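Some notes on the structure that comes next.
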């Protein structure tokens, strides 16, 4: 039972002054997905100096403050060993989603807010199950794509695969037929 207490203590501890990430570290940004810490820089905003991480995600640089919200914004990618648990989550039923599109969107965004890989899996599984009986609107489709893209990047990183190689594995787990190459 040490792990959950340790995690809770890490999240509750103030981040000011501590540097949980270094230049070159792979990280998962809660919104943009897999990236790399390019540099650390002290910046002043509203008269307060704070350490920021410059995270390169694709062709974009995202500046992330090292503050008390860091644990929900950045985390280390899942390891190969953690993927087994994620695969199990993807094969479970998921969260029952409301019929109302606004309620559904709110629930899905709340699930994604913590930035955890488990939350990505829950959102993916829930939307795939929902789509079996209901058409997905544009927002549902965008959230599903965002969650799948982030999870595939993380999965690829852990297994040293390309996202294209990891995608059929994900689709098999969530029962989406893969398109034939042709």
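How do 67, 59 line up, fewest other C-beta atoms within 10 Å first? Walk me through the intermediate numbers first.
Values: 67 15, 59 5.
Ascending Cβ contact count within 10 Å gives the list 59, 67.
So if R0 is 25 Å, what FRET efficiency would residue 38 and residue 142 give, r being the distance between their Cβ atoms, rounded to the nearest 0.05?
Working: r = 27 Å, r/R0 = 1.09.
Efficiency, rounded to the nearest 0.05: 0.35.
Working from Cα positions, state the angle (0 to 90°, nearest 10) between the long axis of helix 2-12 and the longest principal axis of the chain.
60 degrees
Sort 23, 104, 84 so that the residue with the fewest other Cβ atoms within 10 Å of its own Cβ comes first and the one with the most comes last. It would help to have the intermediate numbers written out before the result.
Values: 23 12, 104 21, 84 8.
Going from sparsest to densest Cβ surroundings: 84, 23, 104.
Any chance you could run the full-extension gain for residue 46 through residue 110? It's 0.36 nm times the residue separation minus the Cα-Cα distance, nm to one decimal.
20.2 nm
By what distance, in whole Å, do the Cα atoms of region 58-143 stretch along each of the three principal axes, largest value first?
41, 30, 27
Would you look at the GNM of the chain, springs on alpha carbons closer than 10 Å, and say which of 28, 60, 38 moves the most?
Of 28, 60, 38, the most mobile in the Gaussian network model is 60.
I want to check the label-to-label distance for residue 60 and residue 85. Put each point 7 Å from Cα in the C-beta direction and report it in nm to one decimal.
Taking the simple label geometry, residue 60 and residue 85 are separated by 2.8 nm.
Between the helical axis of 117-131 and the dominant principal axis of the chain, each derived from Cα atoms, what acute angle in degrees is found, rounded to the nearest 10?
With rounding to tens, the tilt is 30 degrees.
With all distinct Cα pairs included, what does the Kirkwood hydrodynamic radius of region 25-170 come out to in Å, to one decimal, could you say?
Taking the inverse mean of 1/r over all distinct Cα pairs, region 25-170 comes out at 16.3 Å.
If you rank 171, 102 by fewest surrounding Cβ atoms within 10 Å, what's the result?
The most exposed by this proxy come first: 102, 171.
Relative to the first principal axis of the alpha-carbon coordinates of the chain, what is the inclination of helix 138-159, with its axis defined by its Cα atoms, in degrees from 0 to 90 and to the nearest 10?
Rounded to the nearest ten degrees, it is 70.
Readers should treat all values here as calculations from the given coordinates under stated rules, not as data from a laboratory. Predicted, not measured: the structure shown is a model, and the values here were computed from it. Quick reminder, even Gly has a Cβ in these numbers, built from the backbone with ideal geometry, and neighbours come from all protein chains shown.
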